[in-house]
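The values are calculated or read from the model by the stated rules, or taken from the named source; none is laboratory data. Bear in mind the structure is a predicted one, so any value in this text is a computation, not a measurement. Here Cβ is always computed from backbone atoms with ideal geometry, including for glycine, and neighbour counts include all displayed protein chains. In case anyone asks, the SASA skips ligands and DNA or RNA and just uses the protein heavy atoms, side chains included. Shrake-Rupley method; radii C 1.70, N 1.55, O 1.52, S 1.80 Å.
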Amino acid sequence: KIQGRLNDIGLLIASTVERDDKGKYTARGEALLDDIGNYSRLFHLFCFANISKKFQVLSTKRGMSRMLSRGIISRQEYNALTCPSSTNGGPHNVCLTWILIKCLTAMKDKTLPNDHALRDMLFHKLCDLRGTFAGISDQLNGRIPLAYAHFVQVLVDSFMLIAPFALYSELGLWSIPAVGLLTLFYTGLLDLAKILLDPLDNDEFYEAFVNVDIGVLIREGNTGSTRWKYSAEMLPFATNFES
């Protein structure tokens, strides 16, 4: 859903940004799309860095210094992201405000149409984006009580310990494969429940990676940040947008 809202914003801006009489982006229109795409990628990246321990380093000064050295962020962006006030608010929230302010500034200088409908739609999409991300943190923080998880673990372990003795009187030697099947299904379901309880593997329950692959989501977000810019770069008809 986060990627969906970012794609909505990209579609709205790419469809309404300033163009010349041949339908191509003007220089400042293309610059706006590049800036919005960059801020969208940073927002998406810092969102997952905020909720996943594996990517948490990206939201630290060390991680941002590395991003600066690789040209992913500029010096001005680095200074803004690492100042004390931005650190308290979270880099993802900083990037979200950058997107909104950039759009409002573009409306003032006529790079985007100064239109109430477009402004309201952008407000709605950005607020929905903020709420969607905040809901992920709420769901991760609002998991079942730890005591209940321990109780289920003890219950399953006790059941599997008693099962061989309970089944032997009825099944004899066939109790051996029967206990094996019970162990496979009950302990397997318990492990699956633990994975669903910690989908981002913040508790490092498994050594092998079986949880949500955040890297794939980040790569998809990076691709989507420029999708609409290039989709609407060439038009088969002339345009006459008047902001």
Subject >> Restricting the stretch 25-45 to residues that are more than 18 Å from Met107 (Cα to Cα) and open to solvent by less than 50 Å² (accessible area, probe 1.4 Å), the residue that is farthest from the chain's Cα centre (by Cα) >> reply: Asn38
Subject >> Test for Arg41: is it without any contact (Cβ under 8 Å) to a residue 40 or more places away in the chain and either under 24 Å from Cys83 (Cα atoms) or of a type in the set (A, V, I, L, M) (or both) >> reply: no
Original post:
Are any of the residues in the stretch 166-176 within 28 Å of Gly29 (Cα to Cα), of a type in the set (Gly, Ala, Ser) and either open to solvent by 50 Å² or more (accessible area, probe 1.4 Å) or free of Cβ contacts under 8 Å to residues at least 40 places away in the same chain (or both)?
Top reply: no
Subject >> Boolean, Ile136 is surrounded by 13 or more Cβ atoms within 10 Å (Cβ to Cβ), within 20 Å of the chain's Cα centre (by Cα), of a type outside the set (Asp, Glu) and outside any helix (DSSP H, G or I) >> reply: no
Original post:
Quick one: which of Ile176, Ile162 is more than 27 Å from Gly10 (Cα to Cα), touching a helix residue (DSSP H, G or I) at 6+ places or on another chain (Cβ under 9 Å) and assigned to a helix (DSSP H, G or I)?
Top reply: Ile176
**OP:** Of all residues in the stretch 204-232, count the ones that are surrounded by 15 or more Cβ atoms within 10 Å (Cβ to Cβ), modelled with pLDDT of 80 or more and either among the small types (Gly, Ala, Ser) or more than 14 Å from Cys47 (Cα to Cα) (or both).
**Re:** 8
Original post:
When you look at Lys22, is it charged (D, E, K, R), at pLDDT below 90 and more than 16 Å from the chain's Cα centre (by Cα), yes or no?
Top reply: yes
**OP:** Assess whether Lys110 counts as being in contact with an Asp or Glu (Cβ under 8 Å, 6 or more places away or on another chain), open to solvent by 30 Å² or more (accessible area, probe 1.4 Å), more than 30 Å from Leu197 (Cβ to Cβ) and assigned to a helix (DSSP H, G or I).
**Re:** no
